[in-house]
Amino acid sequence: MSTLLVKNAFVVTMDDQQREILDGGLFIRDGFIEQVSPVSGLPDSADETLDLSGHVIIPGLVNTHHHFYQTLTRAIPPAQDANLFNWLKTLYPIWARLTPEDIFISTQTALAELALSGCTTAADHLYLFPNGSSLEDEIAAAREIGVRLHASRGSMSLGESNGGLPPDSVVDTEEHILEDCQRMIEKYHDARKGSFLQIVLAPCSPFSVTSELMRQSAKLARNYGVQLHTHLAETEDEEQFCLQKFGHRPVGYMQSLDWVGDDVWFAHAVYVNPQEIDVFSRHRCGVAHCPTSNMRLASGIAPIREYLAAGVQVGLGVDGSASNDSSHMLAEVRQSMLLARVREGVTGFSLSNDTGRRLMTARQALWLGTRGGAAVLGRSDIGSLEPGKCADFFALRLERVEYTGAQQDPVSAVVFCQPVGVDYSFIGGRCVVKEGKLTNIELERLIESHNRAARRLLEG
Ligand SMILES: [Zn+2]
């Protein structure tokens, strides 16, 4: 039994009442929150006590879509100014050279960035396994950092010669993919409260996977009660591909494959009509909104306010580091607010305050990054600071140049102002970032080995 007392901070709970507690704190026992209240209501002592005067405490951010390995190919010149399909065609041959060590190193880099930007739970989507690499390389790397991981065993089975987008050299057989998926679930999936590792089955996208693999993956996932994830309705090119090859728009195609349900979440979901939003709502599918990537690749703007109005669960994702080109989760919260406002301006969705509708607020964006993400990943034990939940939170010092002049509303300052690195981060009650530095790895050495691996990958 070990206890931790964190006190004297401005606590943002993100509970159903959205309570914000001035001069508050948390009492934590064995990785779970026991009490959240003003300091006067908390125990006087604990095994460990941390005074966070002058800080705001926020529930850990939940990243619902990423490709960690892409930290090795950020901003590379030939892929800088391309749309999705051309960007992928440029990068596939480079990614075909990935090694197990590359997967390990890039996982640590991405998780380091995520932890330093407030993320405490991350879903990653690894869908290439060249040169003997495996999802196990990612799992081993993540354990050292201490961030909760939803590791998606991705896959590609539809190569160029069968009408798919990726070269045949990076796709695999359905038989081998399904075998490995089952092995990963049986060996690693932990569905218990407070889980640090869950396995997800995630065929990559309609243009890189056969219909049969989609169907078989759904069957396998449902046998074991694990979640399903894929990219969907990201671009107009994809919509055309689905209409031509499958005779359906992307969402209709998913329905035809039994790929709808509360165990399914889709990355992007930009090109949807009102009937398709209704399909997501009725079947309780989740959406991973990736605003930076959608802007970077000129994909489009997802209808987030419409999703929320229809009761669809929406979380945020930084998406792969080659289309962001960062893994800064707090920055993604800010982008989601700003991009929603761009859409509101373009569509007139809510520009007039006279109608009682308002622009997306900082608190709504923060909700997407915490509660929304937790719901999308099917987790009721994270996303808010409440008794019984995991002790996952980060703290930001308010006395800093980025927040000067914004002290009257610390929550909005965190979202409106320049995104910063966190001062503290705790995951399951364990300190992962202390005074702005990662506690579990030596960042300088990681950067050095990462850049060496990236150079080797690009030079072939
Ligand atoms: Zn993606």
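The values are calculated or read from the model by the stated rules, or taken from the named source; none is laboratory data. Quick caveat, the model's predicted, so the values are computed rather than measured. When we count neighbours, we look across all protein chains shown, and the Cβ atoms used for this are built from the backbone with ideal geometry, even at glycine. When the accessible area is computed, the model is the full protein with side chains, heavy atoms only, and any ligands, DNA or RNA have been set aside. Shrake-Rupley method; radii C 1.70, N 1.55, O 1.52, S 1.80 Å.
Worth a mention:
- Test: T107 is part of a helix (DSSP H, G or I), among the β-branched types (V, I, T) and in contact (Cβ under 8 Å) with a residue 24 or more places away in the chain: yes
- Residue that is nearest to R341 (Cα to Cα) [pool: residues in region 253-312 that are of a type in the set (F, W, Y) and in contact with a Phe, Trp or Tyr (Cβ under 9 Å, 6 or more places away or on another chain)]: Y307
- Some residue of region 24-36 being aliphatic (A, V, I, L, M) and open to solvent by 10 Å² or more (accessible area, probe 1.4 Å): yes
- Among the residues making up region 261-289, those that are aromatic (F, W, Y) and either more than 13 Å from the ligand (Cβ to nearest atom) or outside any strand (DSSP E or B) (or both) are Y271, F280.
- Every pair of residues 6+ apart whose Cβ atoms lie under 6 Å, when the first sits in region 166-185 and is closer than 16 Å to F207 by Cα while the second is loosely packed, with under 15 Cβ neighbours inside 10 Å: D168/S161
- Among the residues of region 304-327, those identified as surrounded by fewer than 24 Cβ atoms within 10 Å (Cβ to Cβ), outside any helix (DSSP H, G or I) and more than 16 Å from the ligand (Cβ to nearest atom) are A310, G311.
- Filtered residues of region 222-260 (kept if part of a helix (DSSP H, G or I) and hydrophobic (A, V, I, L, M, F, W, C)): F241, C242, L243, F246, V251, M254
- Residue in region 11-24 that is in contact with a helix residue (DSSP H, G or I) (Cβ under 7 Å, 6 or more places away or on another chain), of a type in the set (V, I, T) and more than 30 Å from E239 (Cβ to Cβ) present: yes
- Looking across region 63-90, the residues that are away from the ligand (no atom under 13 Å from the Cβ) and among the β-branched types (V, I, T) come down to T71, T73, I76, T90.
- Residues that are open to solvent by 80 Å² or more (accessible area, probe 1.4 Å) and touching a strand residue (DSSP E or B) at 6+ places or on another chain (Cβ under 6 Å) number at least 2 in none of the helices (runs of 4 or more DSSP H) confined to region 370-460.
- Qualifying residue in region 82-95 (condition: small (G, A, S) and modelled with pLDDT of 95 or more): no
- Residues satisfying the stated conditions in region 167-215, i.e. open to solvent by 40 Å² or more (accessible area, probe 1.4 Å) and in contact with a Pro (Cβ under 9 Å, 6 or more places away or on another chain): S169
- Just one of the numbered conditions (1) under 29 Å from D392 (Cβ atoms); (2) open to solvent by 20 Å² or more (accessible area, probe 1.4 Å); (3) without any contact (Cβ under 8 Å) to a residue 40 or more places away in the chain is not true of G132: (1).
- Every pair of residues 6+ apart whose Cβ atoms lie under 6 Å, when the first sits in region 286-297 and is more than 14 Å from A365 (Cβ to Cβ) and modelled with pLDDT of 95 or more while the second is open to solvent by 10 Å² or more (accessible area, probe 1.4 Å) and in a strand (DSSP E or B): G286/Q313
- Applying the condition of being outside any strand (DSSP E or B) and more than 29 Å from L438 (Cα to Cα) to region 135-161 and asking which residue is most open to solvent (accessible area, probe 1.4 Å) yields E160.
- All of E138, E160 fail the test of being within 16 Å of the ligand (Cβ to nearest atom) and either in contact with a helix residue (DSSP H, G or I) (Cβ under 7 Å, 6 or more places away or on another chain) or of a type in the set (D, E) (or both), apart from E138.
- Region 293-303, subset in a loop (DSSP other than H, G, I, E, B) and within 16 Å of the ligand (Cβ to nearest atom), residue nearest to V264 (Cα to Cα): A302
- Any hit, region 87-100, residues being more than 25 Å from W265 (Cβ to Cβ), without any contact (Cβ under 8 Å) to a residue 40 or more places away in the chain and touching a Pro at 6+ places or on another chain (Cβ under 7 Å): yes
- Taken as a whole, region 241-253 holds at least one residue that is within 16 Å of the ligand (Cβ to nearest atom), open to solvent by less than 20 Å² (accessible area, probe 1.4 Å), without any contact (Cβ under 8 Å) to a residue 60 or more places away in the chain and under 19 Å from C285 (Cα atoms).
- Matching residues, region 182-204, being more than 17 Å from the chain's Cα centre (by Cα) and in a loop (DSSP other than H, G, I, E, B): H189, D190, A191, R192, K193, G194
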